[in-house]
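A short write-up of the structure that comes next.
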Amino acid sequence: MKRTAQAQWHGGLKRGKGFLSTESGELRDISFTYGKRFEDDHGTNPEELIGASYASCFSMALSGELEKRGYIPEKLEITSEVHLDKTASGWKIPQIHLRVAASVPGATAKEIDEIASHTKDNCPIGKILNTHVSMEVHIPAHESVAPDSMI
């Protein structure tokens, strides 16, 4: 199975403009610029797209891992926070932090933590990223488990 995306860039770095499209057509001619990536201009950027890819991949992988163990999640909300830092050798993504809010009937906080940790280590998108990934898992208070845990 292959999936493709295409990017075009026109002009110099600071004044130029790029366009991104995906094979599916769900993203078509989405613009990206220096200002959208490194300044406060409104619009998307590569780091935001990495975060979206990781959050969506992780949510599906976590759902699958929970289901393998007999749990069907009521709701999983995944936030992927991608950190971009300028270093002496150039720009780097030193860390991605996942925030997981999980409502999983019948599962304990410990089980959800363990399954989420396993998923973090085995999610296909996460496995290709060469960065530190941290994670926190939150369980709704109405569940019969601890309200907050950290991984």
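Just so it is clear, none of the values below were taken in a lab; they were calculated from the coordinates. Just so it is clear, the model here is predicted, and its values are computed rather than measured. Note: ideal-geometry Cβ built from the backbone for every residue, glycine included; neighbour counts use all protein chains shown.
Odds and ends about this structure:
- Among H83, H138, H42: highest mean-square fluctuation, GNM of the chain, C-alpha pairs under 10 Å: H42
- Once exposed loop GluC sites (Glu not before Pro) are cut out (DSSP; at most 13 other Cβ, 10 Å), longest piece of the chain: 75-151
- Relative to the longest principal axis of the Cα atoms of the chain, helix 109-122 runs at roughly 40 degrees.
- Centroid-to-centroid separation of region 60-102 and region 3-25 [C-alpha atoms, Å]: 25 Å
- Built from the Cα atoms of region 1-58, the convex hull projects on average onto 4.5 nm², one quarter of its surface area.
- Difference of contour (0.36 nm per residue) and Cα-Cα distance, E111 to K68: 14.2 nm
- Simple rule: put +1 on each Lys or Arg Cβ and -1 on each Asp or Glu Cβ in the chain, find the dipole, and look at M1, I125, V82; the Cα lying farthest toward the positive end is M1.
- Region 15-131: proportion of alpha-carbon pairs further apart than 26 angstrom, %: 33 percent
- Among L84, L66, L20: highest mean-square fluctuation, GNM of the chain, C-alpha pairs under 10 Å: L20
- A Cβ-based charge dipole, computed about the Cα centre of region 101-144 with Lys and Arg at +1 and Asp and Glu at -1, lands at about 160 debye.
- Simple rule: put +1 on each Lys or Arg Cβ and -1 on each Asp or Glu Cβ in the chain, find the dipole, and look at G106, C57, F32; the Cα lying farthest toward the positive end is F32.
- Dipole magnitude for the chain: computed about the Cα centre from +1 point charges on Lys and Arg Cβ and -1 point charges on Asp and Glu Cβ, it is near 720 debye.
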